[in-house]
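Take a look at the structure below.
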Amino acid sequence: MSEKLVELEIEDGVALVTMNRPKALNALNRDMTRALVETINPLEHDPEVRCVVIRGGDHFMAGGDLKTFHAMLDRPRQDNLVAIEAFIHEVHSLIIAIRRMPKPVVASVNGACAGFGLSFMSAADLAIAADDSYYTLAYTLIGTSPDGGSTYALPRLVGLKKATELALLGDRFDAATAKEYGLVNWVVPAADLVAETGKLAARLAAGPTVAYGRTKALLQRSLDNPLERQLQLEADNFSACAVEPDFAEGVTAFVEKRKPAFAGKA
């Protein structure tokens, strides 16, 4: 029996999503895309899940599976245009699912993080990386423009000039540089990546999940809203959080000088 392309473990509020095409460096093909969609989408509404971690094995993801595209080269141009666009929309549903997820999503990155892998990582709320991981947007190196929301995320994460440099030149860079650019939050020794990811995920899973989801949505909207609109959304969301059990627990714990025990539920 063949191994699953995507493995899922849920324990102590943490959903661990592991991509599993090691021989292809987790390069994304249609089967793996569908497996990721089928795995990640239900986590949004799973009350037992309070944090999602996405990781690879020896490598996070070396972009799209170019063998799939190469096999299409002899097909009629119009057939390819329709098929490829449909595939890209399916891939993009992963980005939407992560950004919509009302829970923290952490990318745990080691090895290669290229092409859509970099886009996928950039969609996560937080990223922790092994010190030997490496990165490249790579699309222009094979004669195409980016997908996966990288042209949306990168200008916001690294600024327009740097995003243009990364997108046009496709140069490879290391984990320390990724942290300098603001693409990852933490760089840790490769041997410690699993343990450090676990510590971060456990901390997030013990937090006020509803407040995390509202905070995540506020931060995303802030990039497009005028100040007055954003202030109103802050007022709306603070008020909504303030009548939830986790707020009562947080305030009570502060007054009683103890660590809060958040339920993570409305």
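Couple of notes before you dig in:
- Taking a Cβ cut-off of under 15 Å around Glu44, the surrounding Lys, Arg, Asp and Glu residues balance to a net charge of +3, with basic ones at +1 and acidic ones at -1.
- Restraint check, Lys103/Lys179; Lys161/Lys265; Lys23/Lys179; Lys216/Lys259, Cα-Cα greater than 30 Å: Lys161/Lys265
- Long-range tail of P(r) for the chain (Cα pairs > 22 Å, %): 59
- Å² per residue, accessible surface of region 13-91 at 1.4 Å: 53
- Given charges at Cβ of Lys, Arg, Asp, Glu: region 7-91 dipole, positive-most of Leu73, Pro42, Leu8: Leu73
- Each of the peptides 121-127, 210-216 was scored by the mean count of other Cβ atoms within 10 Å over its residues; in descending order, highest first, they stand as 121-127, 210-216.
- Relative contact order for region 1-54, counting Cα pairs under 8 Å that sit 6 or more residues apart, in percent: 43
- Rounded Å value of the spacing that divides the Cα centres of region 83-108 and region 219-251: 25
- The packing ranking, built from the mean of other Cβ atoms within 10 Å per residue, places the peptides 55-68, 11-24 in the order 55-68, 11-24, highest first.
- Axis angle, to the nearest 10 degrees, between helix 77-100 and the longest C-alpha principal axis of the chain: 20 degrees.
- With the convex hull constructed from alpha-carbon coordinates only, region 172-266 shows a mean projected area of 8.9 nm² over all directions.
- In this structure, Ala191 and Leu66 have a Cβ-Cβ separation that, at R0 = 30 Å, corresponds to a calculated FRET efficiency of about 0.45.
- Accessible area in square angstrom per residue, region 187-234, 1.4 angstrom probe: 60
- Packing rank of 133-146, 223-236, 101-114, where each peptide gets the mean count of other beta carbons within 10 Å, highest leading: 101-114, 133-146, 223-236
The values are calculated or read from the model by the stated rules, or taken from the named source; none is laboratory data. What you see is a predicted model, and the numbers here were worked out from it, not measured in a lab. Quick reminder, even Gly has a Cβ in these numbers, built from the backbone with ideal geometry, and neighbours come from all protein chains shown. For the accessible areas, the whole protein counts, side chains as well, though only heavy atoms, and no ligand, DNA or RNA atoms are used. Shrake-Rupley method; radii C 1.70, N 1.55, O 1.52, S 1.80 Å.
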